[in-house]
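The values are calculated or read from the model by the stated rules, or taken from the named source; none is laboratory data. Being a predicted model, the structure only gives us computed values, none of them experimental. We place every Cβ from the backbone using ideal geometry, glycine too, and count neighbours over all the protein chains shown.
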Amino acid sequence: MKRIAIFASGTGSNAKKILEYFKTSSQVSVDLICTNKSDAGVLEIAKNFEVPSLLFEKEQFFMGDGYTPILKELKIDWIILAGFLWKIPLSLLRGWENKIINIHPALLPKYGGKGMYGNAVHSAVIQAKESVSGITIHYVDEQYDHGAVIFQAECAVVENDTPASLAQRIHALEHLHFPRVIEEVIRA
Ligand code: GRF
């Protein structure tokens with residue numbers, strides 16, 4: 001059994017899809033949900049799925065051990081970032097080399113980097129009059145939205161799209177692909 005921890009800062013709709021997908025899996029189990037926000041929606045989702053959760057404190061995350069001992073004790077094999085807004089510290093990058101995966105709501109290398117999350121990404125795509133956007137699933141390294149790309153999928157940007165309408169289309173793509181891509185990477 002491969003054990004994963006999901007890190008999420010927000011609503012957690014991707015986390016929910018991943019939990020649903022692996023609920024009956026005999027090969028992958030979601031053993032921990034981590035967040036940096038005490039009011040993150042993902043905490044409610046963790047409770048509903050009866051998966052333990054952990055609230056990160058800034059100091060321990062960035063300046064301390066990065067919660068490595070807890071994650072190692074739980075034998076976490078893979079870390080999945082599903083809308084997690086803090087930068088991943090070296091302690092975690094070293095502890096889970098090539099075993100941290102992120103999803104980004106645009107076609108990297110465009111529209112990534114610090115501050116590029118949520119509506120900021122979709123507004124920039126619309127403003128640049130792109131006709132196509134999409135999702136990128138990639139390994140995590142020391143730079144924001146920078147590691148090797150694992151998978152991308154595209155969707156159209158249509159006339160009169162708003163950041164909200166585009167976000168909806170992107171979310172649908174994420175929900176469709178992310179759990180399956182995680183499974184493929186873990187089983188490879
Ligand atoms: C997703 O769009 C993901 O690409 C980005 O953060 C968003 C998280 O959404 N990294 P949700 O909390 O899973 O609904």
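Summary of values
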{"item": "Test: residue in region 48-68 that is within 16 Å of the ligand (Cβ to nearest atom) and polar (S, T, N, Q)", "result": "yes"}
{"item": "Verdict on Ile100 being surrounded by fewer than 20 Cβ atoms within 10 Å (Cβ to Cβ) and in contact with a helix residue (DSSP H, G or I) (Cβ under 9 Å, 6 or more places away or on another chain)", "result": "no"}
{"item": "Qualifying position, being at pLDDT 95 or above, surrounded by 21 or more Cβ atoms within 10 Å (Cβ to Cβ) and farther than 20 Å from Glu142 by Cβ, among Ala40, Ala5", "result": "Ala40"}
{"item": "Output for region 156-173, where each listed residue is of a type in the set (S, T, N, Q) and in a loop (DSSP other than H, G, I, E, B)", "result": "Asn160, Thr162"}
{"item": "Residue count for region 125-149, restricted to those that are assigned to a strand (DSSP E or B) and surrounded by 11 or more Cβ atoms within 10 Å (Cβ to Cβ)", "result": "8"}
{"item": "Residue within region 158-165 that is buried (at least 17 other Cβ atoms within 10 Å of the Cβ) and hydrophobic (A, V, I, L, M, F, W, C) present", "result": "no"}
{"item": "Residue that is farthest from the chain's Cα centre (by Cα) [pool: residues in region 1-47 that are within 13 Å of the ligand (Cβ to nearest atom) and among the basic types (Lys, Arg)]", "result": "Lys37"}
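To keep it simple, each residue is scored yes or no on (1) of a type in the set (A, V, I, L, M, F, W, C); (2) out of contact with any Gly (no Cβ under 8 Å at 6 or more places or on another chain).
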| site | (1), (2) |
| --- | --- |
| Gly147 | no, yes |
| Ile150 | yes, yes |
| Ala156 | yes, yes |
| Ala167 | yes, no |
| Glu174 | no, yes |
| Ile182 | yes, yes |
| Ile186 | yes, yes |
